[in-house]
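*Asks:* Sharing a structure, written as structure tokens. Questions coming.
Each value in this text was obtained by applying a stated rule to the coordinates, not by laboratory testing. Keep in mind that this is a model prediction, so the values were computed, not measured. Please note: Cβ atoms are built from the backbone with ideal geometry, for glycine as well, and neighbour counts cover all protein chains shown.
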Amino acid sequence: MLLAIDSSTGTSVAVVDRDRGVLAERTTGDTMSHAEVVGSLLREVMQEAGVDASALSGVVCGMGPGPFTGLRIGIAAARVFALAAEKPLVPLVSHDAIAFDWYRSGNTGELLVVTDARRRELYWSAYSGVDEHGAPIRIDGPGLAKPDELGHSDFTRIDATTVSAGSLGMLAELLYSTGGSFAADEALYLRSPDAKPSLGGKRVTA
């Protein structure tokens, strides 16, 4: 059983089980309220699923790509929960959950997953189908591009506004059971944050 958290677009939290599927999930598409809602969503899904943190096998975390402010809130929440519960953190590329959901719905062929990166840019990842276990095969990306510079124009395109933590968690369960690989434990911001520390500093006088 896994807890899954993603804040690469909106905020989504879920509890999943390999055999029973998604036990509870809460998602909001609001991209400005990650910090305000993630705690309440965590409480709600744990209560609805009727599980204690000790029953979890790990905490799945969507590592993006996503804008700096929102993405880091979900990652921080996942890391703190995993540390407090003494469970491993399981990092995944957020776009992989969207592709996983699309392919397991019966779709086939090449897929381009696109999410809003703000500043009139897009995050993207390209897929060629699924492996023998049903996990999506990412062949390019994640990347960042202007809309008119986006490649893979012959692929089926999904412009996603949310990432389902339920799908993220079920993909992690699949990878666990089949010995698949997880993502690196690092956030995929793909660009520097707006706020940067001053290099010069300010002189303080008495």
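*Asks:* May I ask you to sort LYS146, LYS87 by Cβ crowding, counting other Cβ atoms within 10 Å and putting the fewest first?
*Replies:* LYS146, LYS87
*Asks:* I've got another one for you. State to the nearest 20 debye the size of the charge dipole of the chain about its Cα centre, where the only charges are +1 on K and R beta carbons and -1 on D and E beta carbons.
*Replies:* Computed charge dipole of the chain: roughly 920 debye.
*Asks:* Further, regarding this structure: Provide VAL80, VAL163, VAL16 in ascending order of the number of other Cβ atoms located within 10 Å of each residue's Cβ, fewest first.
*Replies:* So the residues, fewest neighbours to most, are VAL80, VAL16, VAL163.
*Asks:* Counting other C-beta atoms within 10 Å, which of HIS34, HIS152 has the fewest, and how do the rest follow?
*Replies:* HIS152, HIS34
*Asks:* Given region 2-178, what percent of its DSSP beta bridges are antiparallel, to the nearest 5?
*Replies:* So the antiparallel bridges amount to about 70 percent of the total.
*Asks:* While we're on this one: Which whole DSSP H helices in the chain pass both tests: a Cα extent of 15 Å or more along the axis and a mean Kyte-Doolittle value no lower than 0.0?
*Replies:* 34-49, 68-85, 165-178
*Asks:* From the Cα trace of region 34-163, what convex hull volume per residue do you get, rounded to a whole Å³?
*Replies:* Expressed per residue, the convex hull around the Cα atoms of region 34-163 is 123 Å³.
*Asks:* Would you please give the FRET efficiency between SER153 and GLU36, computed as 1/(1 + (r/R0)^6) with r the Cβ-Cβ distance and R0 = 30 Å, to the nearest 0.05?
*Replies:* The formula returns an efficiency of 0.20 here.
*Asks:* Okay, helix-only estimate at 222 nm for the chain: each DSSP H run of n ≥ 4 adds -39500 (n - 2.57), divide by all residues, round to 500 deg cm²/dmol; what do you get?
*Replies:* One gets -9500 deg cm²/dmol as the mean residue ellipticity at 222 nm.
*Asks:* For the chain, what relative contact order do you get, as a whole percent, if you take Cα pairs closer than 8 Å and at least 6 residues apart?
*Replies:* The normalised contact order for the chain reaches 26 percent.
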